[in-house]
Amino acid sequence: MQDFLFALRQFRKSPGFAFTAILSLTLGIGATTAIFSVVYGVLIDPYPYKDNDRMVHVELKDKNDRGGLLVVNGPESKELRQVSAVDDFFLEQDKTETLTGEQFPVAVNVGLYSANLFEYMGVRAHIGRLYTPADAPQGNAAPVAVLSYLFWEKQYGGNVGVLGRTIQLDHKLYTIIGVAAPRFTWGDVDVYVPAVTTADPKDYWNAFLKLKPDSKFPPLAAELQVLVDRFSRDDPKDFRRDRKVKIVTLNEEVLGKFSGTLILLFVAVLALLVIGCANVSILLLARGTARQHELAMRASLGAGRARLIRQLLAESVLLSVVGAALGILAAYKGVIALEAMLPFYSFPHEASIKVSMPVLLFSVLVALATGILAGISPAWQLSRPNLSQVLQAGSTRVSAGLGEKRLHRVLIASQVALTLLLMAGAGAAMKTFLAKTHTPLGFVPENLIEFDVSFPKGSKPTWQERLNQNQQVLETIAQIPGVGSASVSTTYFPPFGGFNAKIEIQGATTLAEPQARLGLMSPELFRTLQMPLLRGRVFDETEVAQAAHVCVVNETFVKQYLSGRDPLGQSIRSAMLKVEQPDFALATNPDGWLQVVGVVGDAKNGGLDHPVEPAVFLPYSFVLTQFQSMIVRSSGDPKTTVGAISRRLGAISAETVVVNDHTVEWWLETRGWGQDRFVATLFALFAILALALAATGLYSVVSYGVTQRTQEIGIRMALGAQRGSVVKLVLTSTTLVLGIGIAIGLGLSIALNQVMASWAGADSRDPLTLLGASLVLIIIAIVACIVPAWRAATVNPMQALRTE
């Protein structure tokens, strides 16, 4: 306590030193706490589920490493029980249904789950109860429903009186029995209802497995592979054919490479903390020069070295604790900002990102470690005062020893190297982000709106009735003020893909398993997207109404599969167009030969990071679902346009509603370059803070050196030295250290390029980026050094000579 009280008095006497040191630590600890909050919430403890470490996703990958999750029908699901490593599993189907009986019809995402869902998850209800296998006795699911917490708050204002109420979903009645906990967001659905499988072999359900303790992924994958191969063996059109089973954890499925990105950001913020620690060490050493007489006096009066180290460490720990307290306060605001910046589809929605108790404990440990790290070297150096030199009468300043100078050089070189590393990372991340935002898309994304139109369940069951309904909706939307053009796009969703399928090209027998993106669409889509027609023509409305066997291909399709042949008149077909699903209405002979009548320009269809894939566009009337997916170009504000569309469709039918509406620009931000913007922004912020801290450290070192050499400078000036030579003398001692730090930073940037490339998708070896970062750092360093150097050059020689 005595040590801490003395430290407080010392800081009160040197407020500038205390402010600079505390600010350095506040920035480092605050940023570290904020990033660790994200890492903890997203990577360490993202799921509120019991035994979530044993829950896995089973992926089915094609030869291009693409594919969805394992799906099984009712009879197949029973065989999962026989898999040796499987402890439990549940089944899932998602649908969009219309909530009727309210003031206005509302489209809701309904999750149909096997009745063991909540027992599998090991979660409790927020209010009421959750359904159990007892709610599906003997294969008959009870008409009960559990609301998600978010839907309960949005639709019912958090009213506990909803328990026991009856709701209508597509005219089927359900009794609300409970509300799920706030963090239970599995499937991002609004309403959870129990369901059971049917005997229909085409009634597929997603299957999610929980493994027995200590189960290994490779044996499980091999056992499931045998099952999947057997499931698809007897059905030549089974889409699971030739798929490879891959087992991944929950986070691997959701995060992908984003987990590595978060770790990389955490390492970067730790580097910022190290720079802050180095800054405080430099400040403590510089301040220790003025205290050498005091420390020598303490030693002469009997204070041992351990006692002096304890006193000096108490000061540095006190600084770090105050910095941590202020940093945690800043982190609370920072976490809110970081959570808002996180790309929407890049992390589990169950994650609770906040400054929690584990995060606070981490901050306390960081504060203590920071205090020791920042103070141990200065304490070790300053606890060995040269008594014979320091205690000479009138001596207040002495020259630094070789060890102290070496420590200064190491600290400043480390600061410079880490700062350059962060700047290079920021430059590489920014360059990647800008390159992705300027990727040629092949279409114009501005003012494009993508949404679905939901029809009442069971309406228009025949193919012709459903087609007439689709055409009526399309014509109605096209006539609404504010709609520039409207089109149907059932499977094509630029720039993120479409329905990937195996195809056949008549006469091209040498091609090995050709594949293409199938886009079921209306002919207006090319005009809506502003994709150019290069050859031939586009199919027309008459051909859509007849489900004519015509198609249009993209330029990549011609180059890859029809090189040297006239594409017009070629014939293509795909067996996968005969999609046998209970809710689908198919045209006659959908898997027959399609004649190519036109060629359009390429547009991104496999993501921004991948080249354009071959694409085949055909009339959307081949496969009609209970939804109509639309892409509309708005001539005004997209939100206003969506509102007008909703009102006009509601006037036609109260149960025809617009769902899942987003602009294409929103999709580009969330699933396109959102992660790159997040990484680039944080790296740039860390680099700016590191640059400021490094400049402060350089300023302190040069000021410290000038203070120690005041008498020497006075003598030189008394003997006729010019100001320029004095400035050069002061700067020369820092130039070598600055050069070494930059060289180490460049080496680290090149050495760690593979990590940056795999985790952040950025190239930190780019010569222009490294050169630019080095030049900026050199300029800032010169500015930081020139101020104390100029002050030394303007010192009065007589005052300098009296410093002793």
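Some points to look at:
- The chain, Rg to Rh (Cα coordinates; Rh as Kirkwood inverse mean 1/r): 1.09
- Degrees, to the nearest 10: 357-382 long Cα axis against longest axis of the chain: 30
- Taking the chain and dividing mean pair separation by its residue count, relative contact order in percent (alpha carbons under 8 Å, at least six apart): 17
- Rounded, prolate or oblate (a/c below 1.5 giving rounded, otherwise prolate when a/b exceeds b/c) for the range 184-238 by Cα gyration tensor: oblate
- Net charge of Cβ neighbours under 13 Å - reference residue 85; Lys, Arg +1; Asp, Glu -1: +1
- Computed [θ] at 222 nm, helices only, for the chain once each DSSP H run of length n ≥ 4 contributes -39500 (n - 2.57): -16000 deg cm²/dmol
- Helix 402-437 vs. the chain, principal-axis angle (Cα, 0 to 90°, nearest 10): 20
- Of 172/212; 50/216; 50/257; 95/578, pairs whose Cα-Cα distance is over 31 Å: 172/212
- Nearest-ten-degree value, helix 463-478 long axis tilted from longest Cα axis of the chain: 50
- For the pair the range 144-196 / the range 596-612, the C-alpha centres are spaced 41 Å from each other.
- Straight-distance crosslink candidates among aspartates and glutamates, where the alpha carbon sits under 12 Å from residue 639 and sequence neighbours closer than 8 are dropped: 450, 661
- 463, 380, ranked by accessible area, largest first (probe 1.4 Å): 380, 463
- Accessible area (Å², 1.4 Å probe, nearest 10) - residue 4: 80
- Counting only lysines at least 8 places from residue 78 when in the same chain, those with an alpha carbon closer than 17 Å to its own are 202, 210.
- Lysines whose Cα lies under 21 Å from that of residue 13, excluding same-chain neighbours fewer than 8 positions away: none
- For the range 99-176, the square roots of the Cα gyration tensor eigenvalues, ordered a ≥ b ≥ c, give a/c of at least 1.5 with a/b no greater than b/c, which places it in the oblate category.
- Cα-only radius of gyration and Dmax that characterise the range 320-376, units Å: 13.9, 44
- Computed across the range 546-635, the Kirkwood hydrodynamic radius from all distinct Cα-Cα pairs reaches 14.7 Å.
- Carbon and sulfur %, accessible surface of the chain computed with the full protein complex present, 1.4 Å: 59
- Residue 671 - accessible surface, heavy atoms, 1.4 Å probe, Å² rounded to 10: 120
- Area accessible to solvent at residue 189, 1.4 Å probe radius, in Å²: 10
The values are calculated or read from the model by the stated rules, or taken from the named source; none is laboratory data. These numbers were taken from a predicted model, which means no experiment stands behind them. With ideal geometry, Cβ positions are generated from the backbone for all residues, glycine too; neighbour counts draw on all protein chains shown. Just the protein is used for accessible areas: all its heavy atoms, side chains included, with ligands, DNA and RNA removed. Shrake-Rupley method; radii C 1.70, N 1.55, O 1.52, S 1.80 Å.
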